[in-house]
Every structure is written in C-alpha cells, then in structure tokens.
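Novice: Sharing a structure here in structure tokens format.
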Amino acid sequence: MKDEHKIAFVAIGYGIVLSFVTYIFYPDFVTWALLGALTALFNHSQMLQITKGNHVKINQLTTHLVTRFLLYVIMIVIAFFQLRESQDALITAYIFLLLGFSSIKISTWIYALPIFKKTSTENKDES
C-alpha cells in the first residue's frame, strides 16, 4: 500500500479522535470538526485520483486546486452565516474547522513518526 493511502487511513483515525474529543468537551461543535475533517479527506482522495499514474494533467490539477480552495471557503462562509450572532461560538467553530482541515497535515506528521515507519534492516543489508 502506498504511503499516501496509509496517510489517509491515519487521517480517518485522527478525524474520529477529533470528533470524539470534541463531542466530549464541546458537543455543540462536533459538526464543524467533522465537516472540516471530511472536507480534507475528500480533497485528499481527489488528489490521489488525479495524481495516480505516471502522467499528471495540468488542467485536472488546476481544477482540483481551485475546487479545494472553494470547498474550504464555502465551509468557512457557512460557519460564518450560521454563527454570526455569537462571536465566541464563531471563533470556536473556526478553530474546530481548522483542526479538521489540517487532518491530512497532522496525519502526515503522525505517519512520519518512527512507530509507523517499519524499515526492515534485512532488506537494506541485501541491497
């Protein structure tokens, strides 16, 4: 399995943990944490589909990057219009959205830890 797919699985685990912790401490904001993580995972899966194979088409890549940006902006705008009366709730929702949006980056850092990297010394000795 490729590293990118493993990172996606770690990101799913991070999204579940983030949602569970948010549900325990801030039950009103679980939706925002979940939406942020799901948006990041959707964007990551789209990027995996576009970049698979040896040839990457520039048009598809550009369309994906614009779509990714628009999805993030749409989520932020939806949070703004839902919670604009309460500034504290809006700021908290933005924080949880950003924690969800960063799920792929955080899962990349987690995957880079030595616990997940199982390098076989036998394969290195044979080379």
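What follows draws every value from the coordinates through simple rules; no lab data is involved. From a predicted model like this one, the values you see are computed outputs, not experimental measurements. Here the Cβ positions follow ideal geometry from the backbone for every residue, glycine too, while neighbour counts run over all protein chains shown.
Novice: Grab the DSSP H runs of the chain that are 4 residues or longer, score each as -39,500 (n - 2.57), total them, divide by all residues and round the 222 nm result to the nearest 500 deg cm²/dmol.
Specialist: On the way: 6 runs with 101 residues, N = 127.
Calculated from helices alone, the mean residue ellipticity at 222 nm is -26500 deg cm²/dmol.
Novice: May I have the count of lysine pairs in the chain with C-alpha atoms under 26 Å apart, counting pairs 8 or more residues apart or located on different chains?
Specialist: The number of close lysine pairs in the chain is 18.
Novice: Hey, rough spin-label estimate for residue 55 and residue 78, points 7 angstrom out along Cα→Cβ, what's it come to in nanometres?
Specialist: The answer from the label model is 3.6 nm.
Novice: What order do you get for 75-83, 37-45 when each peptide is scored by the mean count of other beta carbon atoms within 10 Å, highest first?
Specialist: Values: 75-83: 14.8, 37-45: 19.1.
Taking the mean over residues of other Cβ atoms within 10 Å, the ranking is 37-45, 75-83.
Novice: Could you give the distance between the Cα centres of region 80-105 and region 10-57, to the whole Å?
Specialist: 15 Å
Novice: So, one more: Given the alpha-carbon gyration tensor of the chain, what are the semi-axes of its equivalent ellipsoid in whole angstrom, ordered largest first, with each equal to the square root of 5 times an eigenvalue? Please report the intermediate quantities before stating the final value.
Specialist: Numbers: eigenvalues 209, 90, 14 Å².
In descending order the semi-axes read 32, 21, 8 Å.
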